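Participant: One structure follows; several queries about it will come next.
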Amino acid sequence: MFSVFPIEGSVVAPNGFYCDGVSAGLKKDSGLDVAFIYADSLCEVEGIFTKNKFCAAPILHFQSYPKDFKTNFVLVNSKNANALTGDEGVKSVKEVLGGLQSCFNGIQNPIMSSTGVIGVQLPKEKIIASFNKFDLRQRNPKNAEEAILTTDRFRKSIAFEVVLEDKTSFRIGAMCKGAGMINPSLATILCFITTDAKIPKNDMQELLLKAADSTFNAISVDGDTSTNDTILLLSNGKSGAYEKEAFFFALEKVMHKLAMDIVRDGEGATKLAAFEVKGAKDKWEAQKCAKALSQSLLVKTALFGCDPNWGRIASTIGASGIACNPKTLEIYFGDVCVYQKGMIDFDKENEQKAAAVLKQDSFKITCNLGMGEGAFVAYGCDLGYEYVKINADYRT
């Protein structure tokens, strides 16, 4: 048995971690735009990254390190993705991190992560110049969280303490950013997770991938996959405590909370929708169907208008390429059944009840396919006018 308690601190909640955010002049009006996470001892590190074949220069640089390298520093910049910048982009990462190591003794194998506009060379001189503002003993997660944001409306972080049955304990904390270019394809955001748990290296990648499957790999805002998507897990082992089941429970809890924050913060979004598909032939088909629903533009715009247009739900299921039959299908908005095994249950009263469900900030749409035991829940948001406005003006 174990207990999990929410705590303050974000990525510096675990022992031995520090962070801050500063302005390098990348954002207008001297906004915070460069962040760091520093550990006072070397950390085991694992990451999962975008499936976009045009992955950004910082990811290419990460992949150039030896397989089992350790690190004690993560540098993050916003406003510039350093993606599709060719060999010059990777060279810029090396120059920036080299400048960092020249400024601070003891930094080993630093990692860089970037977010922002694609196809623009990294303003490396500005970033290097910002290093004179760094104090590696700062614990200022609010600044770090603010510095990594782009179109996000709010900061996203979480931390827990886990007490094991033998009364030993460890901590886990995280911060992330994400609001647009969110598609269920491995990671879909920038997320940095720290822990002082003494987790074996072999468990890190296994548990990270497993937790991503039901969290960051189950959300969609707009169906687009970024070039920079990254999840990093850093462990310094300082607590000396670890139990695999407890760690996975806490890790999944951290990642689920942040994934839901991203969907709630979807560009222009006003509501969070869970698309539960059950009764599919198998889990893979349930996942395929749920993700199709979370990405459908017609479904998303209906949610924005609070229109319980169940026909769009059914049409999307039928087009998703999975095994389905209108004679076994059931569709629910919340607990309001609108279609049941070939019978339409959508009189005026039920339509009003279903519309009332969609007026809530968050709700669930359930589709029982009646074909088997497969089940999966995907998460999405509505799509409205503000999304177009934000992305039409993104570079300006």
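The values are calculated or read from the model by the stated rules, or taken from the named source; none is laboratory data. Predicted model, so just to flag it, every value in this text is computed and none were measured. Here Cβ is always computed from backbone atoms with ideal geometry, including for glycine, and neighbour counts include all displayed protein chains. These area figures cover heavy atoms from the full protein model, side chains too; ligands, DNA and RNA do not enter into them. Shrake-Rupley method; radii C 1.70, N 1.55, O 1.52, S 1.80 Å.
Participant: Too long at a 25 Å Cα-Cα cut-off: which of K167/K198; K210/K257; K210/K271; K67/K257; K91/K201; K177/K300?
Facilitator: K210/K271; K67/K257; K91/K201
Participant: Of the candidates D361, D166, D265, which one comes out as most mobile in a Gaussian network treatment of the chain with C-alpha springs shorter than 10 Å?
Facilitator: Highest fluctuation among the options: D166.
Participant: Among the aspartates and glutamates, which have Cα under 12 Å from the Cα of K142 when same-chain residues fewer than 8 positions away are ignored?
Facilitator: E8, D20
Participant: Can you give the Rg to Rh ratio of the chain, both from alpha-carbon atoms, with Rh computed by the Kirkwood formula?
Facilitator: Radius of gyration over Kirkwood radius for the chain works out to 1.01.
Participant: Tally Lys and Arg at +1 and Asp and Glu at -1 over the other residues with C-beta under 14 Å from the C-beta of D40: what net charge comes out?
Facilitator: Counting the neighbours of D40, the net charge comes to +2.
Participant: Hey, what did the chain get for relative contact order, percent, Cα under 8 Å, at least 6 apart?
Facilitator: Contact order relative to length: 18 percent.
Participant: Relative to the present Cα-Cα distance, how much length would full extension add between T270 and V163 at 0.36 nm per residue of separation?
Facilitator: 34.9 nm is the gain from fully extending T270 to V163.
Participant: Which of the peptides 70-78, 369-377 is most tightly packed, and how do the rest follow, judged by the mean count of other Cβ atoms within 10 Å per residue?
Facilitator: Taking the mean over residues of other Cβ atoms within 10 Å, the ranking is 70-78, 369-377.
Participant: Considering only protein heavy atoms, what per residue accessible area in square angstrom results for segment 225-345 with a 1.4 angstrom probe?
Facilitator: On a per-residue basis, segment 225-345 sits at 38 Å².
Participant: If you take every DSSP beta bridge fully contained in the chain, what fraction is antiparallel? Give it as a percent rounded to 5.
Facilitator: 75 percent
Participant: What's the carbon and sulfur percent of the chain's accessible surface, probe 1.4 angstrom, rounded to a whole number?
Facilitator: So the carbon and sulfur contribution to the accessible surface is 50 percent.
Participant: For the chain, take the longest principal axis of its alpha carbons; what is the angle in degrees between that and the long axis of helix 283-295, to the nearest 10 within 0 to 90?
Facilitator: 90 degrees
Participant: Angle check, please: helix 348-358 long axis (alpha carbons) against the longest principal axis of the chain (alpha carbons), in degrees 0 to 90, nearest 10.
Facilitator: With rounding to tens, the tilt is 0 degrees.
Participant: Can you say what percent of the DSSP beta bridges in segment 263-396, counting only those with both residues inside, are antiparallel? Round to 5.
Facilitator: 70 percent
Participant: From the phi angles alone, apply the Karplus equation (6.51, -1.76, 1.60; θ = phi - 60°) to segment 207-213 and give each ³J(HN,Hα) in whole Hz, x where the residue is Gly or Pro.
Facilitator: 6, 5, 5, 5, 5, 5, 4
Participant: Which entries in K133/K244; K341/K364; K124/K291; K70/K156; K278/K353 show an alpha-carbon gap greater than 30 Å?
Facilitator: Listed pairs above 30 Å: K133/K244; K124/K291.
Participant: Ordered by packing density, taken as the mean number of other Cβ atoms within 10 Å over each peptide's residues, highest first, how do 286-292, 90-96 rank?
Facilitator: Order by mean packing, descending: 286-292, 90-96.
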